[in-house]
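Notes for the one structure printed next.
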Amino acid sequence: MGPLGGKVILITGATGGIGRAAAMALAAMGPELVLLCRNPEKGEETRRTIARETGNEKTSLLVCDLSSQRQIREAAADFLAANKPLHVLFNNAGVLELRREDTEDGIERTWAVNHLAYFLLTNLLLDRLKQSAPARIVNVASAAHASAGGPLDFDDLGGRGQANPMRRYGISKLANILFTRELGRRLEGTGVTAHCFHPGFVGSGFATNNGVISKLVMGAASAFNRTPQQGADTGVWLCSTPATPENGRYFVDREASWPRRWGQSDEDGARLWEASARQVALV
Ligand SMILES: NC(=O)c1ccc[n+]([C@@H]2O[C@H](COP(=O)([O-])OP(=O)(O)OC[C@H]3O[C@@H](n4cnc5c(N)ncnc54)[C@H](OP(=O)(O)O)[C@@H]3O)[C@@H](O)[C@H]2O)c1
């Protein structure tokens, strides 16, 4: 069984990097794992590897490209239709896009995948998490929220007007922190908690989707970075610890930590919630 025996965990982006390492570590603790992935072949290979290396056969796939709100809605509906409880939602999938490109919903891709997908998937599964309480939501954020360079600009939400891709990425990661803060506040008293964390700088497939040069740069940097297992550690801990880490907080190396002051604004957290709900048509 293991400490997570009988639990159901849904994790996004488990086909690579931090998500794959987290899925492997969590699987070894005995839960049923749902791997939300966009590429079924990679998902199936991950599922088989998890079974082989951990002995956990209770893993299934939910195929979904998180840049598409339609696909997120379909995936959430499929999960809910299976009538399983949901004890942990681990929002991990993320991208850094050097080029500005819109999704089918007309939203800049980094913002769509890194923030709006967390927001929409969480909201669609929130009642099931509450029904399954005690339950947890764990969001992968980043110290790179500092690259946002200041508070969220609600006149250009998501930073579509920003030419600098690191700035756009930082804005999306700042949104992860503010979203978690507001979510934690809204979930008080429900038995569901929300946390986010910075995994450290990790040698993964991250940002290698931007051509040969980015592959070479990220490959060279990975020698100095943390391993995906090290990067996943705080997230795995947040999913599994019997302790009760403070709701809504940002964690680094298993410790509650303060993000830049722009990530500490309750007012911006509440405004972001309302604006995100409009962007995904939840109002
Ligand atoms: N690496 C770092 O140094 C670092 C530091 C701080 C925070 N983070 C955060 O950590 C998280 C994981 O990053 P990583 O380093 O593990 O990156 P990675 O190795 O590139 O893995 C990203 C995962 O997300 C999936 N994914 C990307 N776009 C998707 C989409 N549209 N729909 C569904 N799945 C999608 C990828 O699927 P495919 O396999 O199909 O590509 C892959 O499984 C991200 O949120 C990132 O912002 C990373």
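The values are calculated or read from the model by the stated rules, or taken from the named source; none is laboratory data. As the structure is a computational prediction, the values presented were derived from the model and not from experiment. Virtual Cβ from ideal backbone geometry, glycine too; neighbours counted across all protein chains shown.
For the reader, a short list of remarks on this structure follows.
- With respect to (1) at pLDDT 95 or above; (2) within 16 Å of Asn114 (Cβ to Cβ); (3) of a type outside the set (Lys, Arg), the lone exception for Ala207 is condition (1).
- Matching residues, the range 127-156, being aliphatic (A, V, I, L, M), in contact with a helix residue (DSSP H, G or I) (Cβ under 7 Å, 6 or more places away or on another chain) and closer than 22 Å to Ala277 by Cα: Ile137, Val138, Val140, Ala141, Ala148, Leu152
- Residue list for the range 6-33, filter: surrounded by 24 or more Cβ atoms within 10 Å (Cβ to Cβ) and assigned to a loop (DSSP other than H, G, I, E, B): Gly13, Ala14, Thr15, Pro31
- Criterion applied to Val140, Val88 was being closer than 18 Å to Leu36 by Cα and within 14 Å of the ligand (Cβ to nearest atom), and the one residue passing it is Val140.
- The condition of being aliphatic (A, V, I, L, M), within 13 Å of the ligand (Cβ to nearest atom), more than 19 Å from Ala117 (Cβ to Cβ) and within 17 Å of the chain's Cα centre (by Cα) does not hold for Ala75.
- Ile50 vs. criteria β-branched (Val, Ile, Thr), closer than 19 Å to Asp233 by Cα and not in a strand (DSSP E or B): yes
- Lone unmet requirement of (1) within 15 Å of the ligand (Cβ to nearest atom); (2) surrounded by 15 or more Cβ atoms within 10 Å (Cβ to Cβ); (3) modelled with pLDDT of 95 or more for Leu98: (3)
- Pairing each residue of the range 28-52 that is over 21 Å from Asp65 (Cα atoms) and among the β-branched types (Val, Ile, Thr) with any residue that is at pLDDT 95 or above and in a helix (DSSP H, G or I), provided the two are 6+ apart or on different chains, yields C-beta distances under 7 Å for Ile50/Ala23; Ile50/Met24; Ile50/Ala27.
- Exactly one residue among Ala14, Ala23, Ala28 is closer than 18 Å to Val88 by Cα, within 9 Å of the ligand (Cβ to nearest atom) and small (Gly, Ala, Ser), and that residue is Ala14.
- Test: residue in the range 105-118 that is away from the ligand (no atom under 16 Å from the Cβ) and either surrounded by fewer than 18 Cβ atoms within 10 Å (Cβ to Cβ) or farther than 21 Å from Arg271 by Cα (or both): no
- Check on Leu36, over 21 Å from Thr193 (Cβ atoms), not charged (D, E, K, R) and not in a helix (DSSP H, G or I): no
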